[in-house]
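Data block below; observations after.
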Amino acid sequence: MRHFISLACLLVGLSILASRTSIVLAQDADAPTIAKDSIQVTAYTLNSYQKSFDTWSWVPQIQFRVNGPITSGSQLWTEWKLPTGPWVKFDCKTEEVKKGKWVKTESNGHDVPEDKGSTYTGPVDFTIHLRNELAGTDVVLFTGKMKVAKEHSNESAAKTAEHNVYYVDQDWNLPIGYVYLTRDSVSAMNLPTVNVAFWARGDATDFQPHLFYQGKEVGKITFENNEMGKASFKADTSIEPTHTVDDSLPQKAQWSRIVCTFPNVKAWDKTGQPAKALPGQKGTRHILKDNPGEYEVKVLWKGKLARSIKFTVGPDGKADDSITKTNKMGDDRAIVPVQIIGDQDGQWDKDAWKTDAFYGNPLTGFTAVP
């Protein structure tokens, strides 16, 4: 009897130890992490369901960035679960990455067998894993939840009774913005450029960003009545269904991340070379480090005020990134609230950020602007 009790205690102890080992692997400072704001999950619509072309279905696809280290023999993979239970698993392209470096990976709908297609809509759970057969480990790097919806395709009604296009609701992105720095083309991080990013729903064209400090616009330089280094925008990420949806769906389920760049606004100047103004030049370069305090970006969209983004700059020339650090986002982009002005985004869920942000990982310490 004593031997039985001793053996039972040993097994319990080993179980606890194994559990603790798994936790340590997942929380180890040298373990790989996911940049949470890089995750983009979408639905890939298939033109069939269980070998029938009368009904369309969907499979998941994903892209994300991983911060190293990723050791030799490692494999990133994802698992997806419907309310009925486990659904699909698939590997993502993986390569060895050193600590301090990162790699972007993805898996699209072509990587999932068509016989896995589903017609389900609603919440779907997913996890991102990293296994290593050489080390005998398998760690969960991220746990999330997405909301899948559907809409008729834009085909004629006679042909589209069950031809539904599937998409993932991304409205949670709209109230969340980012402020970050990029390398100057000549002076690199000795003279970094300021960028502000936000999301828009619908036609992502014709944005005009303007940056204000203490109520005055900064970063405006003209020479002989021509603006030099004008602030610009680009859509660096676009999310939309794989098929065109019916016009009845607001903004046709299209979301884009808009990046505004201010070439004449720098975080600091460590070049040791004073900026030189040309004869006849009006305006000067603006340095955040020399001008700490409150800033506001106002964005015109097709000539109408559509966004107001306020952020605070410290004496180090960086935007307040306390929310980023608190939520262990996996990168150095400061998270800031975005005020959506006007109706150009169409109808959208203004409360989605409270529960759906970063696919079921809402931000601690963040409050959206009414």
(message) Name the single residue that is least open to solvent (accessible area, probe 1.4 Å) among those in the stretch 342-362 being touching a residue at least 12 places away in the same chain (Cβ under 8 Å) and among the acidic types (D, E).
(response) D345
(message) Among the residues of the stretch 260-282, are any within 30 Å of I62 (Cβ to Cβ) and not aromatic (F, W, Y)?
(response) yes
(message) Could you tell me how many of the residues in the stretch 150-182 are closer than 24 Å to I258 by Cα and of a type outside the set (F, W, Y)?
(response) 12
(message) Here are the criteria: (1) among the basic types (K, R); (2) open to solvent by less than 20 Å² (accessible area, probe 1.4 Å); (3) not in a strand (DSSP E or B). Tell me which single one K252 does not satisfy.
(response) (2)
(request) Considering only the stretch 317-341, state which residues are open to solvent by 50 Å² or more (accessible area, probe 1.4 Å) and in contact with a helix residue (DSSP H, G or I) (Cβ under 9 Å, 6 or more places away or on another chain). (result) D332
(request) Return yes when V140 is touching a helix residue (DSSP H, G or I) at 6+ places or on another chain (Cβ under 7 Å), touching a residue at least 40 places away in the same chain (Cβ under 8 Å) and either within 26 Å of T237 (Cα to Cα) or open to solvent by 30 Å² or more (accessible area, probe 1.4 Å) (or both) and no when it is not. (result) yes
(message) Given the condition without any contact (Cβ under 8 Å) to a residue 40 or more places away in the chain, closer than 30 Å to H163 by Cβ and among the small types (G, A, S), answer yes or no: does some residue in the stretch 80-93 qualify?
(response) yes
(request) Mind listing whichever residues of the stretch 223-239 are charged (D, E, K, R), in a strand (DSSP E or B) and closer than 24 Å to P279 by Cβ? (result) E227
(request) Among the candidates D349, D331, single out the residue that is modelled with pLDDT under 95 and assigned to a loop (DSSP other than H, G, I, E, B). (result) D331
(message) Can you find, within the stretch 279-310, the residue that is most open to solvent (accessible area, probe 1.4 Å) among those that are closer than 29 Å to F223 by Cβ and hydrophobic (A, V, I, L, M, F, W, C)?
(response) L305
(message) I'm trying to understand the selection: among the residues of the stretch 47-68, which are surrounded by fewer than 21 Cβ atoms within 10 Å (Cβ to Cβ) and more than 22 Å from the chain's Cα centre (by Cα)?
(response) N47, S48, Y49, Q50, K51, S52, F53, D54, T55
(request) Return only the number of the condition from (1) touching a Pro at 6+ places or on another chain (Cβ under 9 Å); (2) open to solvent by 20 Å² or more (accessible area, probe 1.4 Å); (3) more than 21 Å from K328 (Cα to Cα); (4) in contact (Cβ under 8 Å) with a residue 40 or more places away in the chain that K99 does not satisfy. (result) (3)
(message) Give all pairs with beta carbons closer than 8 Å in which a residue from the stretch 114-133 that is in contact (Cβ under 8 Å) with a residue 60 or more places away in the chain meets a residue that is assigned to a helix (DSSP H, G or I) and open to solvent by less than 30 Å² (accessible area, probe 1.4 Å); count only pairs at least 6 apart in sequence or on separate chains.
(response) F126/Y359
(request) Could you grab me the full set of residues in the stretch 102-115 that are open to solvent by 40 Å² or more (accessible area, probe 1.4 Å) and either at pLDDT below 95 or β-branched (V, I, T) (or both)? (result) E106, N108, H110, D111, P113, E114, D115
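Out of T182, T193, T244, I need the residue that is more than 20 Å from Y295 (Cβ to Cβ) and not aromatic (F, W, Y). Which one?
That would be T244, the only listed residue that is more than 20 Å from Y295 (Cβ to Cβ) and not aromatic (F, W, Y).
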(request) Run D236 past the list (1) surrounded by 13 or more Cβ atoms within 10 Å (Cβ to Cβ); (2) without any contact (Cβ under 8 Å) to a residue 60 or more places away in the chain; (3) within 28 Å of the chain's Cα centre (by Cα) and report the number of the one that doesn't hold. (result) (1)
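Here's the yes/no breakdown for (1) open to solvent by less than 30 Å² (accessible area, probe 1.4 Å); (2) within 22 Å of I323 (Cα to Cα); (3) out of contact with any strand residue (DSSP E or B) (no Cβ under 9 Å at 6 or more places or on another chain); (4) polar (S, T, N, Q):
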site: M146; (1), (2), (3), (4): yes, no, no, no
site: A188; (1), (2), (3), (4): yes, no, yes, no
site: F198; (1), (2), (3), (4): yes, yes, no, no
site: A204; (1), (2), (3), (4): yes, no, no, no
(message) Any residue in the stretch 176-188 that is closer than 18 Å to A200 by Cβ sitting within a Cβ distance under 9 Å of a residue that is at pLDDT 95 or above and open to solvent by 50 Å² or more (accessible area, probe 1.4 Å)? List the pairs, counting only those 6 or more apart or interchain.
(response) V179/K318; V179/D320
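Please state which one of G314, G365 is under 30 Å from G202 (Cα atoms) and surrounded by fewer than 16 Cβ atoms within 10 Å (Cβ to Cβ).
Working: G314 fails: under 30 Å from G202 (Cα atoms).
Sole residue among the options that is under 30 Å from G202 (Cα atoms) and surrounded by fewer than 16 Cβ atoms within 10 Å (Cβ to Cβ): G365.
The values are calculated or read from the model by the stated rules, or taken from the named source; none is laboratory data. Model, not experiment: these values are computed from the prediction. Ideal geometry is used to build each Cβ from the backbone, glycine not excepted, and the neighbour counts take in all protein chains shown. Surface areas here come from the heavy atoms of the whole protein model, side chains and all, with no ligands, DNA or RNA. Shrake-Rupley method; radii C 1.70, N 1.55, O 1.52, S 1.80 Å.
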